[in-house]
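One structure is given here, and the rest of the page talks about it.
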Amino acid sequence: MFETEQLLADVLNPKTAMTIESARSDHRIGPISLPALASVAMRHRTTFREAAELAARLGMSHEAEDWFE
């Protein structure tokens with residue numbers, strides 16, 4: 001798993017203490033692929049849209065950034 005994918009998974013995982021605020025300053029922030037977004041969404045039983053919006057809020061760039069405006 002890539003670092004950006006793991007960071008997004010950490011924020012979505014209720015068992016970790018990672019918050020959106022603390023994740024924004026994490027060194028792992030960077031681009032994330034559409035397959036990685038889909039993978040994280042499926043593992044954490046959330047929608048692709050929610051995962052993509054969260055990734056954008058964290059500062060992760062991806063191809064779906066403007067799909068849901």
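Each value in this text was obtained by applying a stated rule to the coordinates, not by laboratory testing. Note that this is a predicted model, so its numbers are computed, not measured. As a convention, Cβ positions derive from the backbone with ideal geometry for all residues, glycine included, and neighbour counts pool all protein chains shown.
Relative contact order for the range 3-58: 38 percent, from Cα pairs under 8 Å spaced at least 6 residues apart, divided by residue count. Qualifying chymotrypsin sites (Phe, Trp or Tyr not before Pro) in the range 20-69, where qualification requires a DSSP coil assignment and no more than 16 other C-beta atoms within 10 Å, comprise Trp67, Phe68. Rounded to the nearest 500, the 222 nm mean residue ellipticity of the chain from helices alone is -14000 deg cm²/dmol, with -39,500 (n - 2.57) taken per DSSP H run of at least 4 residues.
Which label marks the calculated value of Rg and Dmax of the Cα atoms in Å, given the options [x] 10.6, 30; [y] 15.0, 46; [z] 17.7, 60? Among [x] 10.6, 30; [y] 15.0, 46; [z] 17.7, 60, the one calculated here is [x].
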